[in-house]
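**Student:** Sharing a structure with you now.
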Amino acid sequence: MKKKAVVVIIVIVFIALSVLGDRYLNRSAESNLFSGTIEGTELSVQPELGGKIVELLVSEGQVIKTGDIIAKLDDSQAKISLDTAKSQQTQAQAKLNDLLGGARAEEIKRLEHLVSQANANLLALEPNLKFEEDNLSRNQKLYESGAISQQIVEAQQNKVATLKAQYQGAQESVKVAQAGLDQALAGYTQPTIQAQRAAVDIAAQSVKTAELGINKLTIKSPADGQALYKNVEVGQVVNPGTTLVTILNPNDLWIKIYVPGAKLGEIEMGETVAIIADAYPDKKFKGKIQYISNQAEFTPKNVQTKEERTTTVYSVKIAVIEGQDQLKAGMPADVTLE
């Protein structure tokens with residue numbers, strides 16, 4: 001009887017230890033299990049320049065490659081600016097060529113005509129000025145004798161002053177015309193040529209700037225991915241920096257979990273973890289710890305239980321390193337820290 005009692009006691013103790021062991025192991029496994037949602041890196045496609053959308057070449061869900069055209073903005077005004085810049089460049093280069101080649105015969109002929117015309121204008125004014133100056137001298141004598149009024153003398157003085165101003169202006173025109181002819185005959189100075197070279201360079205830069213502006217009106221995808229959201233429509237006028245399309249990079253998936261401070265010392269950067277998505281409950285995917293926060297926070301209210309939301313935790317980012325062709329952003333998943 002005593003032997004039977006001992007056997008019963010041993011069996012009971014064994015069962016109790018088994019149950020406790022299973023609970024301990026399960027609790028240990030559960031303590032290393034963290035839930036989260038698979039997320040992907042989103043990229044906003046934004047134009048550098050504003051304008052009216054004339055073409056929108058993607059739809060939501062479409063797979064996009066780097067360099068694919070997303071949209072085109074109206075470039076009519078930009079093309080006008082480019083044509084103007086090219087015309088100015090051509091004019092500047094032609095003028096530089098003239099300076100380097102010396103004045104052409106027709107240019108010298110034109111300048112000689114200007115000098116001749118200026119001299120003719122000056123000669124035409126000389127007799128009129130002398131005639132009016134003589135009249136002023138006679139009027140002054142008549143005024144002194146009382147034969148005419150002071151108003152007549154003042155009117156003649158004004159006429160002479162006007163003709164003198166015209167004559168001086170004609171003399172200046174002769175100087176300017178002669179200086180232009182002399183410069184053409186002697187050739188242009190080096191500073192003049194250098195200044196024109198600078199004008200040619202500026203015109204060339206204006207052409208490049210206009211071409212760059214036109215290129216920026218065609219918005220291309222900066223990365224491979226999938227069009228997640230389309231935020232605009234054809235005909236809409238957008239500002240620089242407006243998000244046209246949001247692209248999801250399906251190859252850059254990750255999960256953010258929240259680890260209690262007590263377990264922080266058990267993990268490290270680069271450590272491999274196991275990921276089990278609800279959509280694939282019987283399959284494990286590899287992940288790698290990519291980031292560990294150095295600042296504690298309260299567990300987000302949309303994660304964990306009510307009791308755990310009052311606990312301070314550290315966010316940990318897990319990069320998905322396999323299964324990108326099966327796992328999708330938005331899938332619930334569990335992470336087991338190994």
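The values are calculated or read from the model by the stated rules, or taken from the named source; none is laboratory data. All values reported here derive from a predicted model rather than from experimental measurement. Neighbour counts are summed over all protein chains in view; Cβ atoms, including those assigned to glycine, are modelled from backbone coordinates with ideal geometry.
**Student:** Within the stretch 314-338, can you find the residues that are more than 22 Å from residue 263 (Cα to Cα) and not polar (S, T, N, Q)?
**Tutor:** Residues of the stretch 314-338 more than 22 Å from residue 263 (Cα to Cα): 321-332.
Across the stretch 314-338, the qualifying residues are 321, 322, 323, 325, 327, 328, 329, 330, 331, 332.
**Student:** Sticking with this structure for a sec: In the stretch 37-78, which residues are at positive phi and surrounded by 17 or more Cβ atoms within 10 Å (Cβ to Cβ)?
**Tutor:** Residues of the stretch 37-78 at positive phi: 51, 61, 67.
Listed by number, the list holds a single entry, 51.
**Student:** Residue check, residue 81 against (1) assigned to a strand (DSSP E or B); (2) more than 17 Å from residue 243 (Cα to Cα); (3) not hydrophobic (A, V, I, L, M, F, W, C), all met but one. Which one?
**Tutor:** Here residue 81 clears every test but (1).
**Student:** Right, next: Which number in (1) surrounded by 15 or more Cβ atoms within 10 Å (Cβ to Cβ); (2) without any contact (Cβ under 8 Å) to a residue 60 or more places away in the chain; (3) of a type in the set (Lys, Arg) marks the one condition that residue 263 misses?
**Tutor:** So the condition that residue 263 fails would be (2).
**Student:** Assuming residue 60 fulfils every condition listed in (1) farther than 30 Å from residue 210 by Cα; (2) assigned by TED's automatic domain parsing to the domain that holds residue 208; (3) touching a residue at least 12 places away in the same chain (Cβ under 8 Å) apart from one, which condition is it?
**Tutor:** (2)
**Student:** If residue 101 satisfies all but one of (1) without any contact (Cβ under 8 Å) to a residue 12 or more places away in the chain; (2) surrounded by 12 or more Cβ atoms within 10 Å (Cβ to Cβ), what's the number of the condition it fails?
**Tutor:** (2)
**Student:** Kindly indicate whether any position in the stretch 321-328 is at pLDDT 90 or above, buried (at least 17 other Cβ atoms within 10 Å of the Cβ), within 15 Å of residue 41 (Cα to Cα) and not charged (D, E, K, R).
**Tutor:** Filtering the stretch 321-328 down to residues at pLDDT 90 or above leaves none.
Within the stretch 321-328, not a single residue is at pLDDT 90 or above, buried (at least 17 other Cβ atoms within 10 Å of the Cβ), within 15 Å of residue 41 (Cα to Cα) and not charged (D, E, K, R).
Every residue, every condition in (1) hydroxyl-bearing (Ser, Thr, Tyr); (2) out of contact with any helix residue (DSSP H, G or I) (no Cβ under 6 Å at 6 or more places or on another chain); (3) assigned by TED's automatic domain parsing to the domain that holds residue 111; (4) farther than 30 Å from residue 121 by Cβ, yes or no:
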residue	(1), (2), (3), (4)
161	no, yes, yes, no
170	no, no, yes, no
175	no, yes, yes, no
199	no, no, yes, yes
221	yes, yes, no, yes
228	no, yes, no, yes
233	no, yes, no, yes
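**Student:** Which pairs turn up if I take residues in the stretch 289-306 that are within 19 Å of residue 332 (Cβ to Cβ) and look for partners that are hydroxyl-bearing (Ser, Thr, Tyr) and at pLDDT 55 or above with beta carbon separation below 6 Å, at least 6 apart in sequence or on another chain?
**Tutor:** Listed by first residue and then by second, the contacts come to 299/258; 299/311.
**Student:** Let me ask something else. So which of 207, 200, 176, 160 ends up being farther than 30 Å from residue 88 by Cβ, among the β-branched types (Val, Ile, Thr) and either at pLDDT below 90 or part of a helix (DSSP H, G or I) (or both)? If you could, list the steps in order and put the result at the bottom.
**Tutor:** Numbers: 207 fails: farther than 30 Å from residue 88 by Cβ; 200 fails: farther than 30 Å from residue 88 by Cβ; 176 fails: farther than 30 Å from residue 88 by Cβ.
Of the residues listed, the single one that is farther than 30 Å from residue 88 by Cβ, among the β-branched types (Val, Ile, Thr) and either at pLDDT below 90 or part of a helix (DSSP H, G or I) (or both) is 160.
**Student:** Among the listed residues 170, 199, which satisfies the condition of being under 30 Å from residue 81 (Cβ atoms) and either touching a residue at least 12 places away in the same chain (Cβ under 8 Å) or acidic (Asp, Glu) (or both)? Full working, then the answer.
**Tutor:** Working: 170 fails: under 30 Å from residue 81 (Cβ atoms).
Selected residue: 199, the only one of 170, 199 that is under 30 Å from residue 81 (Cβ atoms) and either touching a residue at least 12 places away in the same chain (Cβ under 8 Å) or acidic (Asp, Glu) (or both).
**Student:** When only residues in the stretch 117-157 that are part of a helix (DSSP H, G or I), over 30 Å from residue 180 (Cα atoms) and of a type in the set (Gly, Ala, Ser) count, which is modelled with the lowest pLDDT?
**Tutor:** The initial filter retains those residues of the stretch 117-157 that are part of a helix (DSSP H, G or I), namely 117-144, 150-157.
Remaining after also requiring over 30 Å from residue 180 (Cα atoms): 131-144, 150-157.
Right, trim to of a type in the set (Gly, Ala, Ser) and you get 137, 155.
Details: 137: 92, 155: 89.
Among residues in the stretch 117-157 that are part of a helix (DSSP H, G or I), over 30 Å from residue 180 (Cα atoms) and of a type in the set (Gly, Ala, Ser), the one modelled with the lowest pLDDT is 155.
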